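FYI, it's all coordinate maths here, none of it is from the lab. Everything quoted here is computed from the prediction, not taken from an experiment. Counting neighbours? That spans all protein chains shown, and the Cβs are built from the backbone with ideal geometry, glycine included.
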Amino acid sequence: MEARAIQRTVRQSARKMRLVIDLIRGRAVPEADAILRFSKKRAARQIHKVLKSAVANAQQAAQRQNTPFDADQLRVKYAVVNEGATLKRFTAAAMGRATPIKKRTSHVEIHVASESTPAPAAKAAPATATNAEPKAKAKAKAKPQKKAAGKKKTKTKRAKQASKASK
C-alpha cells in the first residue's frame, strides 16, 4: 500500500524545511510522528500535517481496496521539500529608496508505503546455451566502421577571425 500527500505554498523557506524533513526520511511513521511532534522547529508543524494526511490517504486507499490497514506498518518512503513561488514585496529604505523583501514559499511532498509489501522482483533474462545470432549479424558486429575519407576540418568564421586578429 502506497499513498502520498502534497502541501503547496507553505509560507516558509525550503531551506529551513529541509532541515526537518531530513530527520524523518526513511523512518517508520510512528517514529517520524514522534520526532515531528516534539521538534521545536516551526517547519515541523507543517510537515506533521502533511505526514498525517499521507497516512489518512493510505487508510482511504486500503478501505477502497478492502484490505487490512495498520498505520504502524507504514514507512516514510519519499519525503522532499521543493521551492515554491517567491512573493516579492518592498519596504521603505533611507533617502526615499525601496528595499526588496523576498517572502519564500515551499512545496512539501511525502510518500508513505507499507513495509510488509515486497518490492516487485526484477525478472532475469533466460540464459541460452547456444548462440542464436545469424552469421551475418555476428560479422557486422565484428567489423569496425570506416571513417569517411577525404573530409577535412574547416574553420568556422570566428576561428578564422581569431587567427587573423592574433597575427
| request: Order these peptides, 31-37, 81-87, 93-99, 52-58, by their mean beta-carbon neighbour count within 10 angstrom, highest first. | output: 52-58, 31-37, 81-87, 93-99
| request: Please give the FRET efficiency for residue 31 paired with residue 64, using the beta carbon to beta carbon distance and R0 = 25 Å, rounded to the nearest 0.05. | output: 0.40
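So, by mean Cβ neighbours within 10 angstrom, what's the order for 63-70, 1-8 with the highest one leading?
1-8, 63-70
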| query | Considering amide H positions built from the backbone, and no H for Pro or chain starts, which residues 5 or more places from residue 27, or on another chain, come under 5 Å of its amide H? | reply | 76
